[in-house]
Amino acid sequence: MNLSDTNKAVHIRRAGLEEQEIVRHFLIEAADWMEAKGIGQWRRALFTPELIHSYFVEREVYIAEVAGEPAGMFTLQKEDADYWQHLNDEQYIYLHRLTVSPRFRSIGLGAAMLDWAEQYAERQGNKGLRLDCMSDLLPLNRFYQQHDFRYMATHEVSGKLANLYEKLPRAHDHELRLQYFTDRDYKQLIKWSGDAEFLLQWSGPQWRHPLQESDLDTYVQDANHPLYSDRLIYTAVERISNKVIGHIALTRIDRDNRSARISRVLVGAHEARGKGYGRQMIREALRIGFDALGMHRITLGVLDYNLQAKSLYESTGFQQEGYMRDAVKHNNQYYSLYEMSILEEEWRVHPFSKTTENG
């Protein structure tokens, strides 16, 4: 079953007070499923009748029906100071408790509810749609990223860490998003990795040719937790076509010294080159580093013969700060390396940080 079936149309409506028990059933059902999977996000004891009643008083509660049968629910509200704290903005709509009944999973209902909520926010004249997700639930974080939600911050709420996401504006041609790199992306990156010289050019000397899945297993281990990991690793996806086109990472994340490094920048799809995707990837990595993670300094290195890449980095605000002679050896030949960096105050005033490219 999928939502394109003519007999399975989705209808989303606001729930009435008399439907509190239906909503509570959805949430308890989801909590039991999470507990069975070892996911500590929700517990059934949380969803008391009093809490459910408060949703109807303080929020708007919606039920999604498939072919006339209640299949999922979510809530919307006009502000969310608990999760968004100093970033709270009443001009956004905040989504919580997105839940799909087990019988209706894997048919795209969650995505349909997200689309409806986005359109609702637009109709109400709001800036957009926001939501949160527990930081350690990597598959769920990637789900929201895949639906064009970009990472804004991580906040502690009631002893748990929540990643905050904001829906990107509707896509135009040649716009991309970043989503967590996982084992689903291994084969594509290996295919793009090229010969030994090309692998060195985009990934540096840490990997040996040919690139192996075991290398990528080590790469992603303990990655992609914004407050704990020393690296955030992303796949770049063209938004309109949903086609994977590249790869980028923020590595060497040092929260004490507030520094990080952009690494392994690759526009892998040949047909995607020359369309500005590399520039968008750099911009979004810088936005995450400076705006979301609070970094002060971000660096990168580029081999001295790769003048096109050096020019790209300079156009995005990076400055050369060193030249490491004969820094890398390959096939009995030495290559020198430009070391480049950008500081947060330089990012703030650079026109590139204010561009409408959404990356």
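Structure notes:
- Tallying residues that are closer than 18 Å to Ile262 by Cβ, touching an Asp or Glu at 6+ places or on another chain (Cβ under 9 Å) and hydrophobic (A, V, I, L, M, F, W, C) within the stretch 193-222 yields 2.
- Taking the criterion of being modelled with pLDDT of 95 or more, of a type in the set (A, V, I, L, M, F, W, C) and over 18 Å from Gln77 (Cβ atoms), the residues of the stretch 154-175 that qualify are Leu161, Leu168.
- The single condition among (1) of a type outside the set (Asp, Glu); (2) at pLDDT 95 or above; (3) under 25 Å from Pro139 (Cβ atoms); (4) buried (at least 16 other Cβ atoms within 10 Å of the Cβ) that Ala15 does not satisfy is (3).
- Selection status of Ser311, outside any helix (DSSP H, G or I), without any contact (Cβ under 8 Å) to a residue 60 or more places away in the chain and among the polar types (S, T, N, Q): no
- Criterion (exposed (fewer than 14 other Cβ atoms within 10 Å of the Cβ) and either aromatic (Phe, Trp, Tyr) or under 27 Å from Gly110 (Cα atoms) (or both)) met by exactly one of Lys187, Lys160, Lys191, Lys167: Lys160
- Residue satisfying all of: in the stretch 330-340; without any contact (Cβ under 8 Å) to a residue 60 or more places away in the chain and surrounded by fewer than 18 Cβ atoms within 10 Å (Cβ to Cβ); nearest to Tyr313 (Cα to Cα) among these: Glu339
- Counting only strands (runs of 3 or more DSSP E) that sit wholly inside the stretch 15-109, not one has at least 1 residues that are in contact (Cβ under 8 Å) with a residue 60 or more places away in the chain and in contact with a Cys (Cβ under 9 Å, 6 or more places away or on another chain).
The values are calculated or read from the model by the stated rules, or taken from the named source; none is laboratory data. For clarity, every value in this text was computed on a predicted model and none was experimentally measured. Every residue, glycine as well, gets a Cβ built from its backbone with ideal geometry; the counts of neighbours run over all protein chains shown.
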